[in-house]
1. Could you tell me what percent of the DSSP beta bridges with both partners in the stretch 126-219 are antiparallel, to the nearest 5?
2. Do me a favour and compute the ellipsoid semi-axes for the chain from its Cα gyration tensor, root of five times each eigenvalue, largest one first, whole Å.
3. I'd like the distance separating the alpha-carbon centroids of the stretch 34-100 and the stretch 167-222, in whole Å.
4. Can you tell me the dipole magnitude for the chain around its Cα centre, using point charges on the Cβ only (Lys, Arg +1; Asp, Glu -1), in Debye to the nearest 20?
5. So what is the 222 nm mean residue ellipticity for the chain from helices alone, if each DSSP H run of at least 4 adds -39500 (n - 2.57) and you divide by all residues, rounding to the nearest 500 deg cm²/dmol?
6. Which percentage, to the nearest 5, of the DSSP beta bridges contained in the chain is antiparallel?
7. In debye to the nearest 20, how big a dipole does the stretch 60-184 give about its Cα centre with +1 on each Lys and Arg Cβ and -1 on each Asp and Glu Cβ?
8. So if each residue of separation counts as 0.36 nm, and I subtract the Cα-Cα distance between residue 80 and residue 210, what length gain in nm does that give?
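The numbers here are math on the coordinates, done by the rules we state, and not lab data. Everything quoted here is computed from the prediction, not taken from an experiment. Here the Cβ is made from the backbone with ideal geometry for all residues, glycine too, and neighbour counts use every protein chain on show.
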Amino acid sequence: MRLLVVEDDPLIARSLNQALTPLGNTVEGFTRYAEASAALRHDRFDLILLDLGLPDGDGLTLLGELRERGDTTPVLILTARDGIDDRVRGLDLGADDYLAKPFSLAELEARVRALLRRSQQRTDNRLSLGALCFDSTSGVATLNGEALDLPRREVRLLEGLLLHAGSITPREMLENRLFGFGDVGSNALEVYISRLRKRLQGSGLRIRTFRGLGYRLEEEPR
Ligand code: CA
């Protein structure tokens, strides 16, 4: 999952980042309206967390632009506790939900999960392909009903691949999931891919490499 946080308060931005990253997400952030507006014109996210009071513009304007273009990316607006007018305007403009500041991280996580679920039209937090099943709430993966005991990075890799099961997950997206945005050794991702391949041996699933593009988790042809 790729989340965008548009928030100019560094403390709030940091706590959002810390809360969302362990959910197995890639979190990108902007502090200014102009940057976020430009990024959203050519980039897609699975969810946008949007502060309304930005130093160079109004979050509601950004939301309006998005919906006017027909972009239906779920938007969770972050409002002040007493900002009832903002909430109503936000929902009218097509926000999917709001969270009043200060908010608890538990509430934030629950809202984010619910929105992502809704947007993917899933009724629970499970992703599956063939014999493989992954519960994104507990972080537990099972193969033929048996729990796989996976280290954290393999869990994140597996979830990243499952979210795009049947299509190619870009290599960069997987690297960000596993290692954050720092410099990554050129074959670090391959090491984890090959570990996961070993675990999937005989399961009827495979991870195919698409050179220069990424990887695809798919069922083996019978
Ligand atoms: Ca603000």
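1. Numbers: 19 of 19 bridges.
About 100 percent, rounded to the nearest 5.
2. Details: eigenvalues 233, 64, 50 Å².
Working through the eigenvalues yields semi-axes of 34, 18, 16 Å.
3. Comparing the Cα centres of the stretch 34-100 and the stretch 167-222, I get a distance of 33 Å.
4. The dipole magnitude comes to about 1100 debye.
5. Details: 8 runs with 89 residues, N = 222.
One gets -12000 deg cm²/dmol as the mean residue ellipticity at 222 nm.
6. Details: 21 of 39 bridges.
That works out to approximately 55 percent antiparallel.
7. 100 debye
8. Length gained between residue 80 and residue 210: 42.2 nm.
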